[in-house]
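**Q** I am attaching a structure below and will ask some questions about it afterwards.
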Amino acid sequence: MIELQLADKTHDEERQGEALVIDAPKMINARKLYIESYGCQMNFADSEIVASILLDQGFETTGDYHEADAIFINTCSIRENAEQRVRNRLSQFGIEKRRNPKLIVGVLGCMAERLKSKFLEEEKLVDMVVGPDAYRDLPQLIEQVGEGQKAINVLLSREETYADISPVRLNGNGITAFISIMRGCDNMCSFCVVPFTRGRERSRDPDSILAEALDLHQRGYKEVTLLGQNVDSYKWKGSAEAEDGAEIMVNFAQLLEKVALISPELRIRFSTSHPKDITDEVLYTIKKYDNICNNIHLPVQSGSSRMLDLMNRTYTREWYMNRVDAIRNIIPDCAISTDIIAGFCTETEEDHQETLQMMDYVGYDFAFCFSYSERPGTLAARKLEDDIPEEVKKLRLQEILLKQQVSSLRRLQESVGKTVRILVEGFSKKSDKDLCGRNDQNAMIVFPAADHIKPGQYVNVVIERCTSATLLGRIAD
Ligand code: 5AD
Ligand code: SF4
């Protein structure tokens, strides 16, 4: 039986603030760090770098900010509402700060970079403002605050990749982890603040990526997600490793292959792909290795070539369709997910219809859908008028969401009756009588628990039915 159940929430890639803690024994006399992260997966990965740096300074993490000596909030600037959430949270921390004046409140990440010293002027309770490339400076900045000063470092770097810092895993399930393979973005999409808050694109040394993946595998992790704003433009140039001193080049396809070869038991995911850069070489590498998941996040943003041009995406509707055709030809059962923006500057009803048609053409498995939010300093804010009324944006977004719910359901229905291999991640959120995990295509599967099945195991599950967001099944005989 198939249930048609339309999700009542909008998909939003920004994760709400999450307190991040290390699952480790408590230290004696340690100072306590409460760290909360917002936004993309990259921010969550960065918080693990931050925690690692502070661990070396004698801090341990806590999940309760009332007992913290330092509260860090790792922020997101991608849309106005993301920033508003952070400001609301800061006013809650303000109450704590008035109670305990010695408490250090630090703002990290994209909002810190965007607002710089303005943050210290606007939010009086904030002691410290630290941009995404300045985390190595944290011990010094904390010391400065300890001496009664405000502290700020928002320098962006062309080299920093934190390659040598081994991140501590926060809120980890011990099964899946993120590995950051590059930082920054050179693309300058006209709506996007990221190139300004995270700086120029740089790739991390492949040896340090492989060492991190191998270490995770040896510690029992079963899945790694390689992260970058645009993983397809990953490029490492180096000479140190080559015996004859010749320059070696590693592109994303080659990096994927190297990580895949660590062990067939280690699954690999990656995000985000850019339609202008994803190559057939990458697609053939995914096809070649069973442990590279058949799941590509390929943000389209709009289905209209006119909009794509204004967005400075540097591809057309036809180019995007050609890339989708290549994925379908080379990896027929590949899941494709996307990001869509409704109501970008000058968007007409015809442009919007082209986006809906594109959704029909691709049949996305999943989509993060947003209404356009003008960001100060971006190309669009400087050159284009944010002229689509909020009600129109909202209406178009609703149409996009509705189409996506139908599309997600249709894609999930294709698995009903099939047996799929999944990696068990833990108990289902709704019931501890059920386990859950993801298949290769990143769909969530819920099934009744059994004593012999443990988190971290791969298991075959027969899919019996689905909702628009989840597959439901039973362990195969
Ligand atoms: N308004 C709305 N959505 C945006 N995104 C990026 N900038 C904006 C903006 N100003 C979306 C894009 C991107 C995703 C991470 O966030 O779809 O792919
Ligand atoms: Fe922003 Fe475009 Fe870079 Fe993505 S590729 S981070 S949307 S500028």
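The values are calculated or read from the model by the stated rules, or taken from the named source; none is laboratory data. Note that the coordinates shown come from a computational prediction; the quantities given were computed from them, not determined experimentally. Counting neighbours? That spans all protein chains shown, and the Cβs are built from the backbone with ideal geometry, glycine included. Accessible surface is based on the protein model in full, side chains and every heavy atom, while ligands, DNA and RNA are left aside. Shrake-Rupley method; radii C 1.70, N 1.55, O 1.52, S 1.80 Å.
**Q** Of all residues in the stretch 323-335, how many are more than 16 Å from ligand 1 (Cβ to nearest atom) and open to solvent by 10 Å² or more (accessible area, probe 1.4 Å)?
**A** Selection size over the stretch 323-335: 7.
**Q** Given the criteria in contact with a Lys or Arg (Cβ under 7 Å, 6 or more places away or on another chain), open to solvent by less than 50 Å² (accessible area, probe 1.4 Å) and more than 30 Å from Val459 (Cα to Cα), does Ser233 qualify? Can you show your working first?
**A** Details: in contact with a Lys or Arg (Cβ under 7 Å, 6 or more places away or on another chain): no; open to solvent by less than 50 Å² (accessible area, probe 1.4 Å): yes; more than 30 Å from Val459 (Cα to Cα): yes.
Taking the combined requirement at face value, the residue does not satisfy it.
**Q** Return yes or no: is Arg306 away from ligand 1 (no atom under 14 Å from the Cβ), open to solvent by 30 Å² or more (accessible area, probe 1.4 Å) and either under 20 Å from the mean Cα position of the chain (by Cα) or among the basic types (Lys, Arg) (or both)? Show your work before the answer.
**A** Values: away from ligand 1 (no atom under 14 Å from the Cβ): yes; open to solvent by 30 Å² or more (accessible area, probe 1.4 Å): yes; either under 20 Å from the mean Cα position of the chain (by Cα) or among the basic types (Lys, Arg) (or both): yes.
Considered against the rule, which asks whether it is away from ligand 1 (no atom under 14 Å from the Cβ), open to solvent by 30 Å² or more (accessible area, probe 1.4 Å) and either under 20 Å from the mean Cα position of the chain (by Cα) or among the basic types (Lys, Arg) (or both), Arg306 comes out as yes.
**Q** Which ones in the stretch 413-453 are open to solvent by less than 20 Å² (accessible area, probe 1.4 Å) and closer than 23 Å to Pro299 by Cβ?
**A** Asn439, Ala443
**Q** Another question, if that's okay. Just one of (1) open to solvent by less than 30 Å² (accessible area, probe 1.4 Å); (2) modelled with pLDDT of 95 or more; (3) of a type outside the set (Lys, Arg) trips up Asp69, so point out which.
**A** Failed condition: (1).
**Q** So which strands (runs of 3 or more DSSP E) are wholly in the stretch 92-200 and hold at least 2 residues that are open to solvent by 20 Å² or more (accessible area, probe 1.4 Å)?
**A** Values: elements: 104-109, 128-130, 151-153, 176-180.
Those strands (runs of 3 or more DSSP E) span 151-153, 176-180.
**Q** Let me confirm something: among Thr355, Thr285, which residue is open to solvent by less than 30 Å² (accessible area, probe 1.4 Å), β-branched (Val, Ile, Thr), assigned to a helix (DSSP H, G or I) and within 16 Å of ligand 1 (Cβ to nearest atom)?
**A** Exactly one of Thr355, Thr285 is open to solvent by less than 30 Å² (accessible area, probe 1.4 Å), β-branched (Val, Ile, Thr), assigned to a helix (DSSP H, G or I) and within 16 Å of ligand 1 (Cβ to nearest atom), namely Thr355.
**Q** Scanning for something near ligand 2 (Cβ under 10 Å from one of its atoms) and outside any strand (DSSP E or B), does the stretch 210-224 turn up at least one residue?
**A** Just the residues of the stretch 210-224 that are near ligand 2 (Cβ under 10 Å from one of its atoms), to begin with: none.
Scanning the stretch 210-224, I find no residue that is near ligand 2 (Cβ under 10 Å from one of its atoms) and outside any strand (DSSP E or B), so the answer is no.
**Q** Only one residue in Tyr320, Tyr364 is open to solvent by less than 10 Å² (accessible area, probe 1.4 Å), within 21 Å of the chain's Cα centre (by Cα) and hydroxyl-bearing (Ser, Thr, Tyr), so which one is that?
**A** Step by step, each of Tyr320, Tyr364 is checked, and only Tyr364 is open to solvent by less than 10 Å² (accessible area, probe 1.4 Å), within 21 Å of the chain's Cα centre (by Cα) and hydroxyl-bearing (Ser, Thr, Tyr).
**Q** Something else about it: Quick one: in the stretch 275-327, which of the residues that are of a type in the set (A, V, I, L, M) and farther than 23 Å from Gln404 by Cα is farthest from ligand 2 (Cβ to nearest atom)?
**A** Ile292
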